[in-house]
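Chemist: Submitted below is the structure of interest, expressed as structure tokens.
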Amino acid sequence: MRQIKIMQEEPYKELGDLYGLFFEDINHAADGGLYAELIQNRSFEFCEIDRKDYHALTAWEKSEGIVWEVRDISPLNDENTHYLHVEARPGGFVRNLGYNSGIYVEAGKKYDFSVYARLADDSGSKEVQISVMTDAGEIHARESFSICGGQWRKYQIVLEASKTTWEGRLVLAFLEEGTYELDMVSLFPQDTFHGRPGGLRRDIAEALEQMHPRFLRFPGGCLVHDGALDDKARNSMYRWKRTIGKVEERPAWRNNWGYNQTLGLGYYEYFCFCEDIGAKPLPVLPGGFNPHKGEGVSLSEIEPWVQDALDLIEFANGGTDTKWGALRKELGHERPFHLEYIGIGNEEIGEGFFERYPYFHRAIREKYPEIKIINTAGPFATGEGYDAGWASARENDSDLVDEHYYSSPEWFLANMHHYEDYDDKGPKIFLGEYASWGNTYYNALVEAAYMTHLERSKAVALACYAPMLCNVDYVNWKPDMLLFDNHRILKTPNYYVQKLFMCHQGSQAVRFEMRGFEEAVSLVEDTDITGQITVEGNQVEGLIWDVRIQEFGRGQKTEAGDIAVLEDGIQKSGRERNAEAGDIAIKEDGQIHLLADVQSGHYKLSFRFRRTKGRKGLKICFGRKDKDNTLLWEFGGWDNWDCNITSICNGRGSTISHRIFHVEEKEYALELEVDGRHIVTKVNGEVYNDTIQGVPQLEDLYATASTEASGKKTYLKAVNLTGEEKEVEILLEGKERNSAAVSVLRDRALTAVNTFEEPDCVAPVEEVWPVHGNRLVYTFAPHSVTVFSFE
Ligand code: AHR
């Protein structure tokens, strides 16, 4: 029988803050999401910089009898420069559409309405009626109040909903003829998370709290660095100092994911949220460099950016006798927030960032040696950005390196032991963003298997799935962990896996032995990369010529003239010649030119290319079975920044080699050589990519064991990715245990997903098993995640 023996008294790794969460305002995660504001465009600040089709009246409508315009003549304050000017006949109204299908109110619950308003003609006092009602005219809540005088004044009214709807509109009806001006029209449920006024949506926040995350990384993601260097710019990078204080005095900013961010959920709220859910805050600040544009603040002007980082630490931890600590107290939080980590940069690539990072690092280290500083290693699990991040981290003595990757399940299966030989003495790994492409049960299982290895590797200190939240009607990125609309949340299988691992993390990993298990099996029959070679333009026009394809026997040296293959896209063979194909004109995207169908395991492609139009380069596929199963060499990919190799499996890509490269309008000699799973590309004779495509493998069982420092509990997490039951004898050495609480994900098709209609299709079941003599014989279900909590 297979056996797992857990040595409860033999810890080998402190687990510390291993499992946490990553919040980014992507997919309307904040506005229209976690931030519970029900009004969209509450301060009439939306504009086309946020999104092409946005304007100051986005999400607002008016009735007959209303003449309106958005003005900026005498605004509420310098940040909130637009307001609504309304000339109303009696009974005329304006209304806000909210997010998704509308405004959600629940019968019996109370809502805080507020508005800044004045009478433009200063004509005494006029009555306004506020209602939450549907398009069909059904009233769900109604109150009225009077606007008095010509000065901005805040009006606050509590509405109580008599009936439930998620298709409500907030209607402001002007009962008297007059000229009204409105700003910051706001409606919040009183029933927010931890009852904080103007706070967070309770259902979403509670689902996160229930995970017991050890840390929360925020506020992004690309949101942090994708923007202008000027913090007064509409499309500024995320600068924390501009996100605190009175909400009506926070600037309106473009969110780089194509919408507006009110910043109502700002740094102070993030810190409070961390405290509320018991997670350590892990803020990420921009490093004064925008990798999307390759533009950075000049080194002579970097001081304020560095000061931002120092001031943030003071804001979080400083005494109330310090400038920023005093501000924290003034905002309502006298006690410190106990900041321990700070990230500089988010997956930046390019020298521009690494030139700037040391300025931040030195200043923080000197003033706050106790703070752990996190460097960043690009958007892939490998390649030039990755190596540069690690080199910088080692050189500067960063405490952690933030790694990000989104890959196919097959990549994860091929890379389970990714961190096995990482040095655990240098900077530690913060896996700040990762996910396998998809929200199926299978994705969640594979992620769980990967997490057993994250937990076991001494080099990995922190890890969080990404992205965390997604409003299903405003999707920027898939997959995500927790989905929602305006009135429901949906926990994905991936959420449940994360939660299981977080809730059963333990304080230290302990040694365990697995006996009688089978060797890992390969999931691919043919380990050679064979199939079509094709080429297409990537938003460019240009010319390809001098195409040569040579095939060799395995292990044979590459020599020109061995076997020639191609003429006009038709494969031919013959020892003595390198036939030249006709020139290939690259024109429309999607026009794929088939160069050959290669069946040998060792081959070489070479050609020349010149771009004549457009900004990017070429997509060269090889080992192509179909468009969803291929290897892809992107020459000038992602905004013309990359020379990458991506392995695409069932339509899901994993970048397995990355180099920075910008294609210019000149001639290039391109070369690709594939030998077995070894892939090498050359540009003008220089090696650009040199990588090995890993073979996905299936282990008999994936497992990890840990204990609580208190000694109260021992955990065993095990993932069975095979389709067979596995009977295993579990032995516990050391402390006596009498029972095991077991949480299991099982009995679901690999393709199963959770939906609003069937939200708990994939959800853990709980069992309790007796343990006799520190021994338990347990049968792991096929395709299952099982977590034991021995007591
Ligand atoms: O998580 C979504 C995005 O992926 C993040 O903004 C970015 O850091 C990464 O590229």
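The values are calculated or read from the model by the stated rules, or taken from the named source; none is laboratory data. Everything numeric here is computed off the predicted structure, so don't read it as measured data. Every residue, glycine as well, gets a Cβ built from its backbone with ideal geometry; the counts of neighbours run over all protein chains shown. Ligands, DNA and RNA are excluded from the accessible area calculation, which covers all protein heavy atoms including side chains. Shrake-Rupley method; radii C 1.70, N 1.55, O 1.52, S 1.80 Å.
Chemist: Which shape class applies to the range 487-530: rounded if a/c is under 1.5, otherwise prolate when a/b exceeds b/c and oblate if not, where a ≥ b ≥ c are the square roots of the Cα gyration tensor eigenvalues?
Modeler: Cα axes put the range 487-530 in the oblate bin.
Chemist: In the range 237-269, which trypsin sites (Lys or Arg not before Pro) are in a loop and have at most 11 other Cβ atoms within 10 Å, using DSSP for the loop call?
Modeler: Taking the range 237-269 and a limit of 11 other Cβ atoms within 10 Å, the loop trypsin sites (Lys or Arg not before Pro) found are K246.
Chemist: Given axes a ≥ b ≥ c from the Cα gyration tensor, I'd like to know whether the range 207-262 is rounded (a/c under 1.5), prolate (a/b larger than b/c) or oblate.
Modeler: Note, shape of the range 207-262 comes out prolate.
Chemist: Listed highest first by mean packing, meaning other Cβ atoms within 10 Å per residue, what order do 352-361, 740-749 come in?
Modeler: 352-361, 740-749
Chemist: May I pose another question? Taking all protein chains in place and a 1.4 Å probe, what share, in percent, of the accessible surface of the chain do carbon and sulfur account for?
Modeler: After summing per-atom areas, the C and S share lands at 46 percent.
Chemist: Restricting attention to the alpha-carbon atoms of the range 214-309, what are Rg (one decimal) and Dmax (integer), both in Å?
Modeler: 13.5, 40
Chemist: Cα gyration tensor of the range 157-227, axes a ≥ b ≥ c as square roots of the eigenvalues: rounded (a/c below 1.5), prolate (a/b > b/c) or oblate?
Modeler: Because a/c hits 1.5 or more and a/b fails to exceed b/c, the range 157-227 counts as oblate.
Chemist: Output needed for the range 350-480: three equivalent-ellipsoid semi-axes, defined as square roots of 5 times the C-alpha gyration tensor eigenvalues, in descending order, whole Å.
Modeler: Working through the eigenvalues yields semi-axes of 28, 18, 13 Å.
Chemist: With the radius of gyration and the Kirkwood radius both derived from the Cα set of the chain, what is their ratio Rg to Rh?
Modeler: 1.01
Chemist: Kindly provide the Kirkwood hydrodynamic radius of the range 30-118 in Å, to one decimal, from all pairs of distinct alpha carbon atoms.
Modeler: Hydrodynamic radius (Kirkwood, Cα pairs) of the range 30-118 is 14.6 Å.
Chemist: Please report Rg over Rh for the range 421-543, where both radii come from the alpha carbon positions and Rh follows the Kirkwood definition.
Modeler: Here the Rg-to-Rh quotient is 1.08.
Chemist: On a straight-distance basis, which aspartates and glutamates could pair with K280 in a cross-link, Cα separation under 12 angstrom, same-chain partners fewer than 8 positions away excluded?
Modeler: Result set, ordered by chain and number: D17, E340.
Chemist: Let me ask you something else. Could you give the semi-axes, largest first, of the ellipsoid that matches the range 646-748, computed as the square roots of 5 times the alpha carbon gyration tensor eigenvalues and rounded to whole Å?
Modeler: Listed largest to smallest, the semi-axes of the range 646-748 are 49, 17, 13 Å.
Chemist: Rank by packing, highest mean first: peptides 209-216, 724-731, with packing defined as the count of other Cβ atoms within 10 Å averaged across residues.
Modeler: Result, highest mean first: 209-216, 724-731.
Chemist: Counting only heavy atoms of the protein chains, get the accessible area per residue of the chain (1.4 Å probe) and round it to a whole Å² value.
Modeler: 38
Chemist: Once you place label points 7 Å from the Cα toward the Cβ at E725 and E366, how far apart are they in nm?
Modeler: 6.7
Chemist: Hey, got a sec? Which GluC sites (Glu not before Pro) in the range 734-778 land in a DSSP loop and have at most 11 other Cβ atoms within 10 Å?
Modeler: Passing both the DSSP loop test and the Cβ count: E736, E757.
Chemist: With runs of 4+ DSSP H residues as the only contributors, calculate the mean residue ellipticity of the chain at 222 nm using -39,500 (n - 2.57) per run, divided by the residue total and rounded to the nearest 500.
Modeler: -4000 deg cm²/dmol
Chemist: Shifting gears a bit: Before anything else, pin down the relative contact order of the chain: Cα pairs under 8 Å, at least 6 apart, normalised by residue count, whole percent.
Modeler: 13
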